[in-house]
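Everything below concerns the one structure shown next.
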Amino acid sequence: MPSLDLSTDEVVEDVKPIVLVVSDARGDTAYSVVVAAAAQYEVDALDIARLADATSVEKVTEFLEEQEEEGRPMAVFHTFVDERLRRDVRHELVRRGIPSIDLLGPAVTVLSTLTGAEPSNKVGALRDRLEDQ
């Protein structure tokens with residue numbers, strides 16, 4: 001976090017953290033989780049930015065670079081159906097030292113274990129299911 005350098009007259013303002021919501025679909029699921037967690041803090045405690053339709057690690061990397069600001073804390077909450085994309089994005093986030101939470105992968109793994117079935121890995125499956133009801 002920025003600090004005040006007492007050797008100068010410069011005043012460093014508080015920097016608001018940013019949470020990036022990244023998904024290979026709309027990102028509604030991850031966004032809802034972030035907003036629910038953020039409700040535990042002051043209204044303006046952090047900024048939230050969303051990237052939907054993130055179908056490649058390059059697209060995610062470009063978004064990260066657009067959002068990065070020197071000294072501004074950042075975290076990523078993501079939902080990726082594609083295992084390879086999830087892995088590649090996680091590696092990129094680790095390489096950059098950005099904390100992240102995979103909101104979908106562990107849940108799908110547990111449900112696969114419970115059911116003994118393989119997931120469809122269909123992007124937007126929840127949205128499609130809700131629209132069919």
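Contact map, the range 33-62: residues that are farther than 25 Å from H91 by Cβ paired with residues that are exposed (fewer than 15 other Cβ atoms within 10 Å of the Cβ) and among the small types (G, A, S), Cβ distance under 9 Å, separation 6+ or inter-chain. Pairs shown: A38/A45. Only one of the numbered conditions (1) in a loop (DSSP other than H, G, I, E, B); (2) touching a strand residue (DSSP E or B) at 6+ places or on another chain (Cβ under 6 Å) is not met by S120, and that is (2). If you go through the range 89-100 and keep only what is buried (at least 18 other Cβ atoms within 10 Å of the Cβ) and of a type in the set (V, I, T), you end up with just V89. Checked against the criterion of being modelled with pLDDT under 95 and either surrounded by 12 or more Cβ atoms within 10 Å (Cβ to Cβ) or within 15 Å of L104 (Cβ to Cβ) (or both), the candidates A49, A25, A75, A54 yield just one match: A25. Test V89 against the stated conditions and say whether it is part of a helix (DSSP H, G or I) and over 27 Å from E62 (Cα atoms). Spelling it out, it is not the case that V89 is part of a helix (DSSP H, G or I) and over 27 Å from E62 (Cα atoms). Residues in the range 35-43: is at least one among the aromatic types (F, W, Y) and at pLDDT below 95? Yes, the conditions are met somewhere in the range 35-43.
Could we say that E118 is in contact with a Ser or Thr (Cβ under 9 Å, 6 or more places away or on another chain), acidic (D, E) and open to solvent by 60 Å² or more (accessible area, probe 1.4 Å) here? Judged against the criteria, E118 is a match.
The values are calculated or read from the model by the stated rules, or taken from the named source; none is laboratory data. Every value quoted in this text rests on a predicted model; they were computed, and no experiment measured them. Cβ sites come from the backbone with ideal geometry, for glycine too, and all protein chains shown count toward neighbours. Each accessible area value is taken on the protein alone, full model and side chains, heavy atoms only, with ligands, DNA and RNA left out. Shrake-Rupley method; radii C 1.70, N 1.55, O 1.52, S 1.80 Å.
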